[in-house]
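S.K.: Structure in structure tokens, see below.
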Amino acid sequence: MSVFSGLKLKSMKLIRVLLLAVVLCFGNLAFAGEGMWLPQLLKALNEGDMQTMGMKLTAEQVYSVNEGSLKDAIVHFGGFCTSEVISPEGLLLTNHHCGYGQIQSHSTIEDNYLKKGFWAATKADEKANPGLFARFIERIDDVSEIILKGVNDDMSPSEVQSIVDKNINAYMSDNQGSQYEEWMVRPFFNGNQYFAFKTVTYPDVRLVGAPPENIGKFGADTDNWVWPRHTGDFSLFRIYAGTDNQPAEYSADNQPFVPKHYLPISMDGVSEGDFTMVFGFPGRTNQYLPSQAVRQIVEINDPAKIEIRDVALKIMDKYMRADEKVRLQYSSKFARIANYWKKWIGEKTGLEKTNAVAKKQDLEEEFTKRVKVDSKLWGQYGHLMKKFGEKYAAIERYSFTKDYYDEVVRRNVEIMTVASVLDRMVSRFENNGEAGYNDFKPRVAGYLENHFKNYNANIDQEVFIALSDLYRDNVDREYCPTTFSVTAKSLEVALTDIFQRSAFKDQDKLKAIFEMTPEDAVKALKGDPIYILFSDWKGVYDEKVAGPYSEIKAEIDLLQKRYMRGLIDAFPEKTFWPDANSTMRVTYGKVQGYEPRDAVYYKPVTHFDGVVEKYIPDDYEFDLDEKLLDLYRSKDYGPYADATGSVPVCFIGTNHTTGGNSGSPAIDAEGNLIGLNFDRAWEGTMSDINYDPSICRNIMVDIRYVLFVVDKYAGASHLIEEMTLVHPKTK
């Protein structure tokens, strides 16, 4: 069994005692606001610190297995965002960008909910969303001893993974629940520890309300990842259940879900210094990477991905600005691509500005000094820094090529994505005959039906040629398909010909192929010029890049696992939190402004006045409709204005968040909803790798702006009536 802090992982009780002793003896040396903490460990690790910062709840009120607690109002929304229950009738609040795909799917040119918004007047008007689900966490258990049984430090990465997979499968088999219940097992501290999450999933989630884009996406790409922010990034859904309040597939007979707990809503707002807690499902962080990894991110990986997406986005933007139909088709794609493009720019800039590589090197020097004085620790960890240097040097060119291949072939050229799906269909036929082909065919047909709803071949052709040209110019020739072994001008001619002759850009031609016999259809697919290029490209990548990359990456992962354990052993005075991995976490901090650069200070709250200040008529990012402007002119703010006389729109805090925290509730000291997390400040997007309290800020919509839009703008006061509004600061 692996070692954690130099001790055998016999039980969670032992870990709790160990970590509690660390906190009591040395204090929590993490930065204020740093960390994504497991909610079931708050009592042992964080309760005192949180209460010192201002929280008035107990850890039991945040997370409880036997009683309703905050965790029972927190929902994994579709598996990609967070949402929260805000009424006794299962009303869900999440981000506009989290519900964007559903809002778009219900929109047409004639009835464009993205542009005009949507508000269900009655529950009967709420719109079903096939495939969307709401998942709750019922309990979290430590299963380290079970999952790591039989593992030791002398094993290779593949041997360890084989035993872990076997133990996880056995655990899952022994703990099967009902149709909608599931145990999920996830690794923590780079595989040194494992927890199991019991979940219950509700598959009937309906769209209730969404503001128009000029509110929900105000500022669009210009303001994305930027503070000050003035975006009403929210949408409303509702969970439905069977008549027994249990999960059920969509039915007209289903009833609004009755939750164990829902969040009351504070009408008192926030002030600088107020305690804030964000509860949700952060996706991925890498806080404990060595300096070599961070250097590669800054100098190699981020610049490559930024350049590729920059080219693709400029092409898409050109077409979207020229045609409203294209803008509707590509708005969701553009937002998805632009989101991480801008994030990587901020991440690279932030890592450089905060000297992240140098800080990592300082930590590694101190780590080496500490393990040197202990022969046992030196024997376990003395080789790590040298090995890291060797392995990251070896993986660099493969990692660079992988990023290029992923961005060009798998993500940003749509016809290559179609080729990838059709290649799976070909493989099904070749491996499983007609039965395999026919079994997979309906899934492919459904995918293509959705794909062609929002597809423009002219855009795709231009992106295809531009990104292929980038690939040829920047990736080692030995990793390029044979088509690329020509001059740049000849390549453009060849790629144009390949694209124009392909059936993969034409829905009707593909339908005609699918009407053939399986054997003839596969022959036609394999003879398509795009399929031939894709197969050549993928073959070169799989043979020369993917294999070596995976082998070296497995060795790096094993080193990282040992380094994580070594950090815990070498720094007993520090409390460590596990990197995010899409499991339920709590982060806490305070409402606080920041100084991004010399002589500039950002206040922590923005107001409706700032929305109007940014207003640019007929600009797709900053336009406003007359109804919203009329509310501003008349100052018809209802009970939603603060002491300034304006409606607060957004605020920032030191909560440590990342992707997946979109839609997470911002909760006050007493457990009331005060806002909705949706972004991070651009200067601090490197917080996934290097949290720095001086500039890392999460951005939240003020709940009073949400209510103002729902009530005064949309006239959907029936939704407000469902909620419980409280005044914790004035009671």
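Readers should treat all values here as calculations from the given coordinates under stated rules, not as data from a laboratory. The structure presented is a predicted model; accordingly, all values stated were derived computationally and were not measured. Cβ sites come from the backbone with ideal geometry, for glycine too, and all protein chains shown count toward neighbours.
S.K.: On a full-extension model of 0.36 nm per residue, what is the gain between residue 423 and residue 487, subtracting their alpha-carbon distance, rounded to one decimal in nm? Write out the running numbers ahead of the final one.
M.R.: Working: separation 64, 0.36 × 64 = 23.04 nm, distance 2.85 nm.
Stretched out fully, the residue 423 to residue 487 stretch lengthens by 20.2 nm.
S.K.: Once Lys and Arg get +1 and Asp and Glu get -1 on their Cβ, which of 319, 422, 549 lies farthest toward the positive end of the dipole of the range 291-562?
M.R.: About the Cα centre, the residue reaching furthest to the positive side is 549.
S.K.: Show me the ranking of peptides 304-311, 40-47 by mean Cβ neighbours inside 10 Å, starting with the highest.
M.R.: Working: 304-311: 19.1, 40-47: 20.9.
Ranking the peptides 304-311, 40-47 by packing returns 40-47, 304-311.
S.K.: In vacuo Debye scattering of the range 254-381, one point per C-alpha: log10 I(q)/I(0) at q = 0.12, 0.13, 0.14, 0.17 Å⁻¹?
M.R.: -0.85, -0.91, -0.95, -1.02
S.K.: Right, another one. Which residues' amide hydrogens lie under 5 Å from the amide hydrogen of residue 675, considering only partners 5 or more residues apart or on another chain, with H built in the peptide plane?
M.R.: HN-HN under 5 Å from residue 675: 666, 703.
S.K.: Sticking with this structure for a sec: If I model a spin label as a point 7 Å beyond the Cα along the Cα-Cβ vector, how far apart are those points for residue 153 and residue 554 in nm?
M.R.: The modelled label-to-label distance comes out at 2.2 nm.
S.K.: So if we plug the beta-carbon distance of residue 390 and residue 474 into 1/(1 + (r/R0)^6) with R0 = 22 Å, what FRET efficiency do we get, rounded to 0.05? Walk me through the intermediate numbers first.
M.R.: Working: r = 25 Å, r/R0 = 1.14.
Efficiency computed from Cβ-Cβ geometry: 0.30.
S.K.: Roughly speaking, what is the stretch gain from residue 573 to residue 618, that is 0.36 nm per residue apart minus the C-alpha to C-alpha distance, in nm to one decimal?
M.R.: Details: separation 45, 0.36 × 45 = 16.20 nm, distance 5.70 nm.
The residue 573-residue 618 span can extend by a further 10.5 nm.
S.K.: Per residue of the range 232-247, what does 6.51 cos²θ - 1.76 cosθ + 1.60 with θ = phi - 60° give for ³J(HN,Hα)? Whole Hz please, x for Gly and Pro, Karplus curve as stated.
M.R.: Using θ = phi - 60°, the values come out as x, 7, 8, 8, 10, 10, 9, 8, 10, 9, x, 4, 8, 6, 9, x Hz.
S.K.: Would you kindly calculate the translational diffusion coefficient of the range 291-562, applying Stokes-Einstein with the Kirkwood radius from alpha carbon pairs, for 20 °C and a viscosity of 1.002 mPa s, and quote it in µm² s⁻¹ without decimals?
M.R.: Working: Rh = 21.2 Å.
Rounded, D is 101 µm²/s.
S.K.: Starting from the amide H of residue 623, placed 1.01 Å from N in the peptide plane, find each other amide H under 5 Å away whose residue is 5 or more places distant or on another chain.
M.R.: Under 5 Å from the amide H of residue 623: 616.
S.K.: Related question: I need the P(r) histogram for the range 581-709: all alpha carbon pairs, bin width 10 Å from 0 out to the longest distance, whole percents.
M.R.: 11, 37, 34, 16, 1
S.K.: Something else about it: Rank by packing, highest mean first: peptides 567-580, 272-285, with packing defined as the count of other Cβ atoms within 10 Å averaged across residues.
M.R.: Numbers: 567-580: 19.1, 272-285: 22.0.
Going by the mean number of other Cβ atoms within 10 Å, highest first, we get 272-285, 567-580.
S.K.: Name the lysines eligible as straight-distance cross-link partners of residue 123: C-alpha to C-alpha under 27 Å, and not fewer than 8 places from it in the same chain.
M.R.: Hits, sequence-local ones excluded: 71, 115, 217, 260, 627, 712.
S.K.: For residue 118, which sequence-distant residues (separation of 5 or more, or a different chain) have an amide H within less than 5 Å of its own amide H, given hydrogens modelled in the peptide plane?
M.R.: 210
S.K.: Find how many whole Å separate the alpha carbon centroid of the range 392-468 from the alpha carbon centroid of the range 87-135.
M.R.: Between the Cα centres of the range 87-135 and the range 392-468 lies a distance of 29 Å.
S.K.: Computed over the Cα atoms of the range 310-439, what is the ratio Rg over Rh, Rh following Kirkwood?
M.R.: 1.19
S.K.: Right, next: Once you put a point 7 Å from the Cα of residue 321 and another 7 Å from the Cα of residue 128, both along the Cβ direction, what distance in nm separates them?
M.R.: Each label point lies 7 Å from its Cα, and together they span 4.2 nm.
S.K.: Sticking with this one: Which value in nm describes the separation of the simple spin-label points at residue 368 and residue 171, placed 7 Å from the Cα toward the beta carbon?
M.R.: Calculated label separation equals 3.6 nm.
S.K.: In debye, nearest 20, what is the charge dipole magnitude of the chain about its Cα centre with +1 on Lys and Arg Cβ and -1 on Asp and Glu Cβ, if you could check?
M.R.: Numbers: 85 positive and 105 negative charges, 271 e Å.
With only Lys, Arg, Asp and Glu charged at Cβ, the dipole is about 1300 debye.
S.K.: With Kirkwood's inverse mean 1/r over C-alpha pairs for Rh, give me the Rg to Rh ratio of the range 117-176, two decimals please.
M.R.: So for the range 117-176, dividing Rg by the Kirkwood Rh gives 1.34.
S.K.: Grab the other residues whose beta carbon is less than 14 angstrom from that of residue 77, score K and R as +1, D and E as -1, and report the net.
M.R.: Values: positive: 135, 206, 238; negative: 84, 204, 233.
Local charge sum for residue 77: 0.
S.K.: Stick to Cα atoms and the Kirkwood definition of Rh, then tell me Rg/Rh for the range 181-299. Walk me through the numbers on the way to the answer.
M.R.: Working: Rg = 20.4 Å, Rh = 19.5 Å.
Result for the range 181-299 is an Rg/Rh of 1.05.
S.K.: Shifting gears a bit: Multiply the residue gap between residue 625 and residue 507 by 0.36 nm, knock off their C-alpha separation, and tell me the result in nm, one decimal place. Working shown, then result.
M.R.: On the way: separation 118, 0.36 × 118 = 42.48 nm, distance 3.72 nm.
That pair, residue 625 and residue 507, stretches by 38.8 nm at full extension.
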